[in-house]
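The values are calculated or read from the model by the stated rules, or taken from the named source; none is laboratory data. Quick caveat, the model's predicted, so the values are computed rather than measured. So basically every Cβ, Gly included, is an ideal-geometry build from the backbone, and we count neighbours across all protein chains shown. In case anyone asks, the SASA skips ligands and DNA or RNA and just uses the protein heavy atoms, side chains included. Shrake-Rupley method; radii C 1.70, N 1.55, O 1.52, S 1.80 Å.
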Amino acid sequence: RGRANALRSAMSGRISMDALTNERLYEVLDLCLECKGCKAECPSNVDMSKLKHEFLAQYSDNHGISLRNRLFGNLPTVSRLGSLFAPISNWTLRSGIVKGVLSQLIGLEKNRDLPLFSTQTFSQWFNIREKPFTSLAKRGEVVLFVDTFTNYNYPELGQSAIKILESMGYEVILPNNQCCGRPMLSNGMLDKARANATANVEILFPYVDRGAKIVGIEPSCLLSFRDDYLSLLGDDKKTKAVSDSVMLFEEFYLDSLQDGWPGLDFVEDVGKVLLHGHCHQKAIVGTEPAIKVLDTMPGCDVEE
């Protein structure tokens, strides 16, 4: 509410004529994490995240894009290079000297370790693997949208997703998609985010048009299609069709169960599970589908 009121005051001229692009307002909005909690929890349903995206774009037009924002806004490129030169890049990022330099240059906390880069990306693993986890698909196609973190930092998550989807009887398609655009949105690169969104809709629409669902692992990436893309591109036929076909992994799993699929066979009880919902997941989808999926697993005691 405080941030929205600050924006309102700037837009109405009650602060100063240049308030919409001055550094003080940037500081007011900087601590907004764009978690979209306000979208679900605020009585007025104010989407502060969208307001901040527009503000950052105007601020960048006036002040330029800082080195910090340029690095994080181009996260896919940085990650691709990091993975290409791993493990040297990982050793470099763990160096106390490099951490000190990054702290001075772009304000990174020097006591915080950055995610390590994988020497083999998830896409590389997918393209060279010998055979699927199951034989011919029986239930149709599913598109797996591969986010930057899964591809370059945590490929084992993507491998597990493939194993489950193929065990469910689906043929998994990995499209040659662009980054979802969220890093650009969060760093004032609105035009670049819109370009990525346009490209992704064009890439994914043919699969959707023949009935495939789009599944992903990272909520902030995947849910951009259901939320941010409709604002960036408008409510045209292709964008709407892609947006309507996007499902978080747990939503797709639950939907298959409700469609008559018997579920996976577990060799042992799952045990105690603590579920920490992702902020965008909670704001746009909710954690109920994830809890329902966990409840189907033998011996699973889930606590949110």
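Odds and ends about this structure:
- Residue with peak Gaussian network fluctuation, the chain [Cα springs, cutoff 10 Å], from F117, F252, F133: F133
- 12 Å Cα-Cα reach of K213 towards aspartates and glutamates, excluding residues that sit fewer than 8 places from it in its own chain: E141, E171, D244, E251, D255
- Label corresponding to semi-axes √(5λ) of the Cα gyration tensor in Å when calculated from the structure given, among (i) 60, 31, 20; (ii) 31, 26, 19; (iii) 35, 24, 20: (iii)
- Length added when fully stretched, I164-N5, from 0.36 nm per residue minus Cα-Cα: 52.6 nm
- Extending 7 Å from Cα along the Cβ direction at I97 and again at D30 yields two label points whose distance is 2.9 nm.
- Anchor K36: lysines whose Cα lies under 20 Å away (excluding residues fewer than 8 positions away in-chain): K50, K52, K282
- Percent carbon-and-sulfur accessible area, the chain, ignoring ligands, DNA and RNA, probe 1.4 Å: 53
- Springs between Cα atoms under 10 Å define the GNM used for the chain, and in it the highest mean-square fluctuation of C221, C42, C180 occurs at C42.
- Projecting label points 7 angstrom from Cα along Cα→Cβ for D18 and R70 puts them 2.3 nm apart.
- A 1.4 Å probe run over the chain, with the rest of the protein chains in place, finds 55 Å² accessible per residue.
- Applying a DSSP loop filter and a limit of 12 other Cβ atoms within 10 Å to the GluC sites (Glu not before Pro) in the stretch 146-198 leaves nothing.
- Projected label points at E288 and R80, each 7 Å from Cα along the beta carbon direction, are separated by 4.1 nanometres.
- Mean Cα-pair separation over length for the chain, i.e. relative contact order, pairs under 8 Å, 6 or more apart, %: 16
- With contacts taken as Cα pairs under 8 Å at a separation of at least 6 residues, the stretch 171-247 carries a relative contact order of 33 percent.
- Extension gain (nm, one decimal) between L257 and D301, 0.36 nm per residue minus Cα-Cα: 13.9 nm
- Orientation-averaged projection of the stretch 174-239 equals 4.3 nm² [convex hull of Cα atoms, one quarter of hull surface area].
- Checking the cross-link pairs K131/K240; K192/K292; K163/K272; K39/K99; K110/K292; K138/K238 against a 29 Å limit on the alpha carbon distance flags K131/K240; K192/K292; K39/K99; K110/K292 as lying beyond it.
- Volume per residue of the C-alpha convex hull in the stretch 118-188, rounded to whole Å³: 93
- Set of the stretch 203-225 residues, backbone N closer than 19 Å to the point 7 Å along the Cα-Cβ line of V270: 216-219
- Cα-based equivalent ellipsoid, the stretch 19-168: semi-axes from gyration tensor eigenvalues, Å: 35, 25, 13
- For the stretch 188-257, applying the loop criterion from DSSP together with a ceiling of 10 other beta carbons within 10 Å to the GluC sites (Glu not before Pro) yields no site.
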